[in-house]
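Values quoted throughout were computed directly from the atomic coordinates according to the rules given, and no laboratory measurement underlies them. All figures in this text were calculated on a predicted structure; none of them were measured in a lab. With ideal geometry, Cβ positions are generated from the backbone for all residues, glycine too; neighbour counts draw on all protein chains shown.
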Amino acid sequence: MHTALILIDVQESFRQRPYWVEKEAQPFLTACNTLVAACVSQKIPVVRVLHSDGPAELSNPFAVESGHVRPLDGLAPFTHAAQFLKHRHSALVGTGLSVWLHENHIQRLIVAGIRTEQCVETTTRHASDEGWEVDYCAEATLTFNMQHLDGSVLSAQDITARTTAVLNGRFATICTVAQALARAK
């Protein structure tokens, strides 16, 4: 089965946000770097997806003009098989990624990136609905604490737990880096 790694929004834009916590990003970067290096060595295509959104101003970290819509510092350099710029939550909307996947006979996706419950989850659900088999590599995703409507904190760990619970067996197989790589062989 032909597999591709879709690396979603692993970009400097997030480091410019007030919710960024460098210490929490390090295990994520380690997992991403391991996943990418193994995919490259196994000749699994790695697709980079970056997100651009909002006003085209230097002050907007998600605007190309800001210079932050680029790979996250700490992500090891690699040669991507394809790169797409998205403007929606799903990497499959308006990017050409779907066409590229079909042209390259990709049947299984490994998804990883930032934010666990937002663009990575949305892409996972969309890809599953479109017929791809999806391995959601939770340890290679990153999210941040959020607030409930009452102002209390919803932890990043709880967000990840909720995301993996609702995706597992319905939209994706939840995998560690090692499991995703083993399934790709």
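Could you tell me which residue of the range 122-180 is surrounded by the fewest Cβ atoms within 10 Å (Cβ to Cβ), considering only residues that are acidic (Asp, Glu) and more than 21 Å from Trp100 (Cβ to Cβ)?
Our first condition is that a residue be acidic (Asp, Glu); within the range 122-180, this holds for 129-130, 133, 135, 139, 150, 158.
Filter once more, keeping what is more than 21 Å from Trp100 (Cβ to Cβ): 139, 150, 158.
Values: Glu139: 21, Asp150: 5, Asp158: 13.
In this case the residue turns out to be Asp150.
Per the conditions (1) part of a strand (DSSP E or B); (2) over 16 Å from the mean Cα position of the chain (by Cα), the sole criterion not satisfied by Ile110 is (2).
Is it the case, given these coordinates, that Val36 is part of a helix (DSSP H, G or I), of a type in the set (Val, Ile, Thr) and under 17 Å from the mean Cα position of the chain (by Cα)? For Val36, the condition - part of a helix (DSSP H, G or I), of a type in the set (Val, Ile, Thr) and under 17 Å from the mean Cα position of the chain (by Cα) - is met. Taking the range 113-143 as the range and being among the small types (Gly, Ala, Ser) and either touching a Lys or Arg at 6+ places or on another chain (Cβ under 6 Å) or assigned to a helix (DSSP H, G or I) (or both) as the test, the residues that pass are Ala127, Ser128. Pairs are defined by a Cβ separation below 7 Å, a sequence spacing of at least 6 or placement on different chains, a first member in the range 141-165 that is over 16 Å from Glu24 (Cα atoms), and a second member that is among the β-branched types (Val, Ile, Thr) and exposed (fewer than 14 other Cβ atoms within 10 Å of the Cβ); the pairs so defined are Gln147/Val153. Taken over the range 6-60, the criterion of being farther than 22 Å from Trp100 by Cβ, in contact with a Lys or Arg (Cβ under 9 Å, 6 or more places away or on another chain) and of a type in the set (Ser, Thr, Tyr) is satisfied by Ser13 alone. Number of residues in the range 156-169 that are among the charged types (D, E, K, R) and touching a helix residue (DSSP H, G or I) at 6+ places or on another chain (Cβ under 8 Å) equals 1. Every condition in (1) in contact with a His (Cβ under 6 Å, 6 or more places away or on another chain); (2) crowded, with 20+ Cβ neighbours inside 10 Å holds for Leu109 except the one numbered (1).
Do you know which residues across the range 32-70 are in contact with a His (Cβ under 7 Å, 6 or more places away or on another chain) and of a type outside the set (A, V, I, L, M)? The answer is Arg48, Ser52, Asp53, Pro61, Phe62.
Among residues of the range 91-117 that are closer than 21 Å to Ala156 by Cα and without any contact (Cβ under 8 Å) to a residue 60 or more places away in the chain, those with a Cβ under 8 angstrom from a residue that is in a loop (DSSP other than H, G, I, E, B) and of a type outside the set (D, E, K, R), sequence gap 6+ or separate chain, pair up as Thr116/Thr143; Glu117/Thr143.
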